[in-house]
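The values are calculated or read from the model by the stated rules, or taken from the named source; none is laboratory data. Computed from a predicted structure; not experimentally measured. When we count neighbours, we look across all protein chains shown, and the Cβ atoms used for this are built from the backbone with ideal geometry, even at glycine. Surface areas here come from the heavy atoms of the whole protein model, side chains and all, with no ligands, DNA or RNA. Shrake-Rupley method; radii C 1.70, N 1.55, O 1.52, S 1.80 Å.
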Amino acid sequence: ALFPPPARPLAGVRLLLTAGPTREPLDPVRFLGNRSSGRMGFALAEALTELGAHVVLVAGPVTLPAPRVAERVDVETALDMHGAVMERAADCDLFVATAAVADYRPMDPAENKIKKNADELTLRLVRNPDILAEVAALDSPPFTVGFAAETDHVEEYARDKLKRKKLDMIAANQVGGTHGGFERAENALTVIWRDGQRELPMMDKTQLARELAQLIVERYQEHHA
Ligand code: CTP
Ligand code: CA
């Protein structure tokens, strides 16, 4: 061959990745959601597959072309995503949480469509489980990579999440306003681990995913050295 075969540093690595938003039902026809497109997660799932990993993608509702991954599990709510991940987390080597999981869900979704009778409507919400924190707290946890989408104090909040959730790595980005992130084709990331940090400047999400995947490989290999 004219070219060397592509390097597959993650060959044999079992990788679980969450992506997309979740939907929390209010009644049979309505939900609480968020602006995640799932684009960054899907691009990262493909980049990690290209590096040889066996990727199981747990995806919330997105409108994206099917990514090239080993397996895809579609879910709707945070509780569904939690169930799908916890069933598989003990048997994976690497866990990457890119999903924009709803922090709260309606406590008591209505069985029938809510009618507009009253002038005011109060929703009661309860907290969803933190999937990433739960995986990182397992007895022998996989190498865990989280994301942090912040509108402000990006690095400070991301460092706090890295510590509090006991993650191996976190990728932080600024969202909202004119920045990249949600609903955009481009993004920039600050990637932080216990003893290092790297800035990945604003670029196309496919390219950004490749660079982040490369960083994950480096940290993962050092972790197992
Ligand atoms: N995450 C998760 N399960 C949740 C909430 C978040 O797995 N119920 C993961 C996300 O996929 C992401 C990371 O945790 O990798 C951080 O999510 P983020 O919303 O930024 O942080 P939270 O811990 O939810 O804190 P807050 O929203 O208050 O900033
Ligand atoms: Ca959150």
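Residues that are in contact with a Ser or Thr (Cβ under 6 Å, 6 or more places away or on another chain) number at least 1 in the following strands (runs of 3 or more DSSP E) confined to the stretch 79-176: 94-97, 143-150, 169-174. Here the condition is being surrounded by 19 or more Cβ atoms within 10 Å (Cβ to Cβ) and basic (Lys, Arg); of Arg124, Arg88, Arg72, Arg105, it holds for Arg105 alone.
Scanning the stretch 45-59 for residues that are open to solvent by 30 Å² or more (accessible area, probe 1.4 Å) and either among the hydroxyl-bearing types (Ser, Thr, Tyr) or under 17 Å from Val85 (Cα atoms) (or both) yields a count of 2.
Taking the stretch 24-44 as the region of interest, how many residues are in a loop (DSSP other than H, G, I, E, B) and surrounded by fewer than 21 Cβ atoms within 10 Å (Cβ to Cβ)? I'd like the intermediate steps shown before the answer.
At the first step, the residues of the stretch 24-44 found to be in a loop (DSSP other than H, G, I, E, B) are 28-29, 33-38.
Of the ones still in play, those that are also surrounded by fewer than 21 Cβ atoms within 10 Å (Cβ to Cβ) are 28-29, 33-35, 37.
The qualifying residues number 6.
Any residue that is under 13 Å from the mean Cα position of the chain (by Cα) and among the basic types (Lys, Arg) - is there at least one of those in the stretch 32-39? Scanning the stretch 32-39 turns up at least one residue that is under 13 Å from the mean Cα position of the chain (by Cα) and among the basic types (Lys, Arg). Number of residues in the stretch 45-78 that are part of a helix (DSSP H, G or I) and out of contact with any strand residue (DSSP E or B) (no Cβ under 7 Å at 6 or more places or on another chain) equals 3. Within the stretch 62-77, residues that are free of Cβ contacts under 8 Å to residues at least 60 places away in the same chain and farther than 17 Å from Asn34 by Cα sit with their Cβ atoms under 6 Å from residues that are assigned to a strand (DSSP E or B) and open to solvent by 50 Å² or more (accessible area, probe 1.4 Å), at 6+ positions apart or across chains, in these pairs: Ala70/His54. Within the stretch 127-144, the only residue that satisfies the criterion of being loosely packed, with under 10 Cβ neighbours inside 10 Å and either under 14 Å from Asp103 (Cβ atoms) or among the small types (Gly, Ala, Ser) (or both) is Ser140. Regarding the stretch 209-225, can at least one residue be identified that is under 19 Å from Ala100 (Cβ atoms), open to solvent by 20 Å² or more (accessible area, probe 1.4 Å) and in a loop (DSSP other than H, G, I, E, B)? The answer is no, given that none of the residues of the stretch 209-225 is under 19 Å from Ala100 (Cβ atoms), open to solvent by 20 Å² or more (accessible area, probe 1.4 Å) and in a loop (DSSP other than H, G, I, E, B).
The residue list Ala59, Ala53, Ala7, Ala11 contains one member that is touching a residue at least 40 places away in the same chain (Cβ under 8 Å), more than 16 Å from ligand 2 (Cβ to nearest atom), small (Gly, Ala, Ser) and touching a Leu at 6+ places or on another chain (Cβ under 6 Å), which is Ala53. If you check every pair at least six apart or on different chains, which have Cβ atoms under 9 Å apart with a residue in the stretch 145-160 that is more than 16 Å from Asp130 (Cβ to Cβ) and open to solvent by 50 Å² or more (accessible area, probe 1.4 Å) first and a residue that is outside any helix (DSSP H, G or I) and among the hydroxyl-bearing types (Ser, Thr, Tyr) second? Hits for this filter: Glu155/Thr190.
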